[in-house]
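Working notes, beginning with the structure itself.
The values are calculated or read from the model by the stated rules, or taken from the named source; none is laboratory data. Computed from a predicted model, the values in this text were never measured in an experiment. Cβ atoms come from the backbone with ideal geometry, glycine included; neighbour counts cover every protein chain shown. We work out accessible area using only protein heavy atoms, side chains counted, and drop any ligands, DNA or RNA first. Shrake-Rupley method; radii C 1.70, N 1.55, O 1.52, S 1.80 Å.
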Amino acid sequence: MEKLVALTKRRGFIFQSSELYGGVNGAWDYGPLGVELKRNVKDAWWKAMVRDREDVVGLDSAILMHPMVWRASGHVANFADPMIDCKKCKKRYRVDEIQPDYEETGIVPTQCPDPKCKGELTPARKFNLMFETVLGPVADSANKTFLRPETAQGIFANFINVTNSTRIKVPFGIAQVGKSFRNEINPRNFTFRSREFEQMEMEFFCKPGSDDQWFEYWVEERKKWYASLGIKMEKLRFRAHDKEKLSHYSKATTDVEYQFPFGWGELEGIANRTDFDLRAHQIGMRSVGRWKGEELQDFQLVDEDPEFAGGKLSYFDEEEKRRYIPYVIEPAAGADRATLAFLCDAYDEDDAGGEVRVVLRLHPRLAPVKAAILPLVKKEGMPERARKLYDALKKRWPVVYDESAAVGRRYRRQDEIGTPFCFTIDGDTMKDGTVTMRERDSMKQERVSEDAVVRLVEERLEG
Ligand code: GAP
């Protein structure tokens, strides 16, 4: 992990936020290569979840939402982690991290887990993870809202807008990629647990009764997605939650976990959220008129009729000629966590003629740079010829031109950032129009026609 973290900084994938000022815990900046890699991850998700389908549409909702959204969704009351402090060394912990059975047993540890300290711990208290902010210049409670802790609620809040403005019919999904914020007690493991991160979430609305089938379907689809991007399947597991441990809104949840160097970690949760959210917002909508800006914590939602299925957030099924509140299957993934998993999975060191070669074996579709064009020497017309090839490729993909240092060194540079192909222009190119194509993974070199290069790259990226 340390080697990977060092590489990502050295080569411009990931930097600590505000490093100049000593850094900010739990926030990360993506450098020139990192931004391309993460974008490729998000694009691959968008393609699979929206573009390649007819039953899913996209959305980009605002991060700032009406404060009642977070009251109705349950986040104001429940989106909290148990926190505990050591009175002696002042370290702060999430209780369930030092006492894994805390949720079930309620047992609260009393001594600091640091063997060098063993100080007395404070009582556990709940800490709400939402970042508070104020809409407008007056900081009273009516203007207080939160940075969204998940993108999902923006989708539920637009369910009616989407069904009214499109011809889409249940079963269908709404997908969105965007920033979310959680004031994590203990951000850690590089970008894995951050306070600001990006989610890739899709809410799939289906007829009650068909939800179990759709849940299984989406677990399989998500498995295929990770496999299609070349992740090592032996490092990926799908873990179904025990029925007793499900969150209050969920009927079934399966986590997608990856074996990181620091242990198994969740990349994505696939949940059957039932009709919980649309029903909750229906109650929230009916209550909002009564809210005069009191503290959200104290405000009571009015649930006049919990079985009410004909409200604004219900759906009229034309085939069945009846209204119901759809059930929701939610595959909710993290863009930063997926990016980190692909990086960990790709990192490799091998022996290249007695010397250690560091290589990122990224899937070509994810690689931030698709090809490097290298003139063997800086003379005899080779740079000009190489530039021509570079210009042709550059129109289609991010590629680099590199004429400095020995060609072997230049290959290593590209291996380290995961560039799948290098094309070298040499003396023979000038005579017969062929170039050397060198593959990152096998290090195999073959002569190919200069004119075939664009097509070859295209085939490899799409295949
Ligand atoms: N809408 C459901 C939801 O938000 P979640 O399991 O809390 O579910 C979904 O979050 C995904 O978002 C996680 O599987 C993870 O990939 C990502 N995620 C959540 N918290 C994160 C954090 N603090 N840092 C980075 N990614 C996080």
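With a ≥ b ≥ c the root eigenvalues of the C-alpha gyration tensor of segment 1-99, is it rounded (a/c under 1.5), prolate (a/b larger than b/c) or oblate? Oblate.
Roughly speaking, what is the centre-to-centre gap between segment 221-281 and segment 61-102 when only Cα atoms are used, to the nearest Å? Using only Cα atoms, the two centres lie 20 Å from each other. Stokes-Einstein, applied to the Kirkwood radius of segment 410-461 over Cα pairs at a viscosity of 1.002 mPa s and 20 °C, places its translational diffusion at 188 µm² s⁻¹.
Distance between the 7 Å Cα→Cβ label points at Glu384 and Leu246: 7.1 nm. Remark: for residue pairs Lys38/Lys251; Lys207/Lys243; Lys9/Lys91, the C-alpha separation exceeds 24 Å in Lys38/Lys251; Lys9/Lys91.
Rg and Dmax over the alpha-carbon atoms of segment 380-426 stand at 10.8, 30 Å. Evaluating 6.51 cos²θ - 1.76 cosθ + 1.60 at θ = phi - 60° for every residue in segment 61-78, the Karplus couplings come out as 8, 6, 6, 8, 9, 4, x, 5, 4, 7, 6, 5, 6, x, 5, 5, 7, 10 Hz, glycine and proline recorded as x. Residue by residue, segment 192-200 carries 3J(HN,Hα) couplings of 4, 10, 10, 8, 10, 7, 10, 10, 10 Hz when phi is fed to the Karplus relation 6.51 cos²θ - 1.76 cosθ + 1.60 (θ = phi - 60°); x denotes Gly or Pro. Per-peptide packing, taken as the mean over residues of other Cβ atoms within 10 Å, places 100-107, 419-426, 275-282, 357-364 in the sequence 419-426, 275-282, 357-364, 100-107 from highest down. Each listed q (0.18, 0.19 Å⁻¹) maps to a log10 I(q)/I(0) for segment 368-463, found by the Debye formula over equal Cα scatterers with no solvent: -0.74, -0.83. Rolling a 1.4 Å probe across all protein chains gives Met233 an accessible area of roughly 80 Å².
Heavy-atom accessible area with a 1.4 Å probe sorts His66, His75, largest first, into His66, His75. Here is the short version for the chain: Cys206, Cys344, Cys422 have no other Cys C-beta closer than 4.7 Å.
Working from the Cα coordinates of the chain, the gyration tensor eigenvalues give, after taking √(5λ), semi-axes of 46, 29, 20 Å in decreasing order. Bin width 10 Å, origin at 0, all Cα-Cα pairs of segment 286-415: what percent of pairs per bin? Histogramming segment 286-415 at 10 Å steps yields 9, 20, 18, 12, 10, 13, 14, 4, 0 percent. Highest average first, the peptides 221-228, 331-338 ordered by how many other beta carbon atoms sit within 10 Å of their residues are 331-338, 221-228. In Å, the Kirkwood hydrodynamic radius of segment 227-372 over pairs of distinct alpha carbons? Evaluated over segment 227-372, this radius sits at 19.6 Å. With contributions of -39500 (n - 2.57) from each DSSP H run of at least four residues, the per-residue ellipticity at 222 nm computed over the chain stands at -8500 deg cm²/dmol. By the Cα gyration tensor, segment 80-128 has an equivalent ellipsoid whose semi-axes, rounded to whole angstrom, run 17, 12, 8 from largest to smallest. Proximity of backbone amide H atoms, modeled 1.01 Å from N, is registered between Gly58 and Ala175 at under 5 Å, excluding neighbours fewer than 5 places apart on the same chain.
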